[in-house]
Amino acid sequence: MGNSSKRLTDRFVLRAVVLLIIAFTSTHALAQDYVPGEILVKLKGSSKAVGSQAFVGKAVTEKAMVLKGSFSRLNLHHFALKPGQSVEAALAELKSDPEVQFAEPNYIFRAQSTGREGEMVKMDVVNAQSASNPSIYAQTTADIQLSEAWDEVSNTTSTPIVAIIDTGVDYNHRVFANSGAIWRNTREIANNGIDDDGNGYIDDVRGWNFVANTNNPYDDEGHGTHVAGIVLGTTQDIQQSTLEPAKIRIMPLKFLNERGSGTTSDAVRAIYYAVNNGAKVLNNSWGGGGFSDSLLDAMAYAYSKQVVFVAAAGNNGSNNDAAPTYPANYNVPNVISTAATSDIDSMANFSNYGASTVHMGSPGVSIYSTYPDNDWGRASGTSMATPFISGLAALIVREAPQMNGYQVKNLILGGAVHIGSLEGRTITSSRLNVFNGVHAAKSVVVASSQPGYDPSSMRNPASEGAGEAAAGCGLVRAVMSGGGSGGGGFGGSTPQSNAAFFALLLVLSSPVLISMFLRSRGGKYQRRHPRYQINSEVRVKFGDRELVGQVSTISLGGVQLNTEAWLEKGGIVAMSIRSPDGRDEIQVEGKIVWSEESKRYGVAFANANDSALSVISRWTQGLLKA
Ligand code: CA
């Protein structure tokens, strides 16, 4: 073999290796962070459609998946896979299902801060410093013209709501407590155990904790409290011991856990909660690398409700044009993707950038703000740059409460000032200026509508087989189909619950439909036993929850139910059925199954023993056939 042919061979081998690496990379396009063994599936059409019900039923009974939650109005379902099944395998299988609009991993997102810097300082110390030198604003020394902006704001009673979608907020911190800044859900009565306003969340008087599913969005990490302090600190001086009444409201929504990470499913729930409960500005100091159609839909919904979505560009020091960060890179027209600049207007070395994907810069280096337990401390990150913009967005909405998110965004971008270090690295080459934004809001004519947006303009390229995640990312250029009817077909103003337990509560408040349901050999279900009218109490347990209802018909085969909520906990239920005369009771275990014949879910008495069956036989003697 001559030298030249050997060189050719080497080149061929090299090329083959490169191709292999590319192939490996593209088949591992999912190799982002995601929750192992969990997927999100959006079905076509309505969740009440027979096809959708059948899909969910079969997923649970035949694929042994566990339904962890349903966004019924969206027909979006959150499943845990059966043990041992990979997310990739499950998604590949679902791709060809005609019922499925999209299926995707439950991606993990992270707080975009580089962490706490230096010592914590107590609130008293900050108050003392402020008292000795009242003119010093310590959160940043960047020239964003805050004091000029505060002189400019109008004397109005409007208090726009900013949702802090984060690790939670220490709502007891004196900065928030003494200014009255924390949002209060006035339609909810505290601690009465009732969902008074019917928004699907019980006793949600000040936001929600989507990690623990409780009404306590307290911050167990610190990031969200720091972010909230920057938002509030953009609207007023929060270093004084005597605080002015807040001009805005902070809605604490916890979806990042005590380590600062959270999932797509919880982020989506938090976004819907924020929008449906009145937030006009969403602060998103978090991000990650996986394209999620569910998240895109939620953001399009926020846009359709005229809400601003401020997002951290990310802290990898990388180019978002080439390696997208989400949610910052979604091309929804209300998104402001935010880079971090220093006090002297250099670009932070950790900050992501993008000439066509990152909109602007904002101070994000060594920002001084609140931490839990009346502490103050410094932190850096695009996480810290984002809330300055959210604060301005709130001040703009306060001046012009009818202004839509698209116009608010454009006032913020238009008022930003040119900074050399951002040239070629952001869309506007500009850094936040709070005064210019407030000033413009006072004089501009409020637009009556905003451009429409169709999330299908940016559907997951991977689902179309393109494999390149960066395709289609951009700015407002994807705005299409005018008329402000965005939102991906899930409009309507009724607040909706994303919590599975809410569906359970609905079940509890409605009569249980029970009819005959039979099983036979080979996994095929068909009618075999006669069905009888009966009027007995039944209690069905799934996990730690118990449902009490009335049995109206019964047979030796099982009972039939009409709600997907019963599929929780893998569809395994334990039932106690009382005899018609109330003197007798049997315990039967069952598994929720889908009946293709009757197009309904049912409980098969799979593990019912002979004595239980003979008791039912005895009960049904003398009863009328149904
Ligand atoms: Ca509620």
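Some observations on this one:
- Checking Val358, Val365 one by one, the residue that is more than 21 Å from Tyr453 (Cα to Cα) and either modelled with pLDDT of 95 or more or not in a loop (DSSP other than H, G, I, E, B) (or both) is Val365 and no other.
- In the stretch 100-135, of all residues being among the small types (Gly, Ala, Ser) and in contact with a helix residue (DSSP H, G or I) (Cβ under 7 Å, 6 or more places away or on another chain), the one that is farthest from Ala313 (Cα to Cα) corresponds to Ala103.
- Qualifying position, being assigned by TED's automatic domain parsing to the domain that holds Val268, crowded, with 16+ Cβ neighbours inside 10 Å and in contact (Cβ under 8 Å) with a residue 60 or more places away in the chain, among Gly198, Gly229: Gly229
- Boolean, Ser497 is modelled with pLDDT under 95, closer than 30 Å to Asn215 by Cα and surrounded by fewer than 15 Cβ atoms within 10 Å (Cβ to Cβ): no
- Among residues of the stretch 421-457, those that are touching a residue at least 60 places away in the same chain (Cβ under 8 Å) and either basic (Lys, Arg) or in a helix (DSSP H, G or I) (or both), counted: 13
- Residue match in the stretch 255-276 (condition: touching a Pro at 6+ places or on another chain (Cβ under 8 Å), without any contact (Cβ under 8 Å) to a residue 60 or more places away in the chain and closer than 24 Å to Ala328 by Cβ): no
- Some residue of the stretch 240-249 being away from the ligand (no atom under 11 Å from the Cβ), over 23 Å from Gly437 (Cα atoms) and of a type in the set (D, E, K, R): no
- Among all residues of the stretch 144-158, there is at least one that is more than 18 Å from Pro245 (Cα to Cα), away from the ligand (no atom under 16 Å from the Cβ) and either of a type in the set (Phe, Trp, Tyr) or surrounded by 19 or more Cβ atoms within 10 Å (Cβ to Cβ) (or both).
- Matching residues, the stretch 183-230, being of a type in the set (Val, Ile, Thr) and within 16 Å of the ligand (Cβ to nearest atom): Thr186, Ile189, Ile194, Ile202, Val205, Thr214
- Within the stretch 193-239, if we keep just the residues that are hydroxyl-bearing (Ser, Thr, Tyr) and within 20 Å of Ser380 (Cβ to Cβ), the residue that is farthest from the chain's Cα centre (by Cα) turns out to be Thr234.
- Residues (surrounded by fewer than 24 Cβ atoms within 10 Å (Cβ to Cβ) and either within 16 Å of the ligand (Cβ to nearest atom) or among the hydroxyl-bearing types (Ser, Thr, Tyr) (or both)) located in the stretch 162-174: Tyr171
- So Val408, is it within 23 Å of the chain's Cα centre (by Cα) and farther than 19 Å from Val227 by Cα: yes
- Within the stretch 200-259, being in contact with a strand residue (DSSP E or B) (Cβ under 7 Å, 6 or more places away or on another chain), part of a loop (DSSP other than H, G, I, E, B) and of a type in the set (Val, Ile, Thr) holds for Val211, Ile248.
- Of the criteria (1) touching a residue at least 60 places away in the same chain (Cβ under 8 Å); (2) more than 16 Å from the ligand (Cβ to nearest atom), which one Ala177 fails: (1)
The values are calculated or read from the model by the stated rules, or taken from the named source; none is laboratory data. Here the structure is a predicted model, which means the values were calculated and not measured. Backbone-built Cβ (ideal geometry, glycine too); neighbour counts: all protein chains shown.
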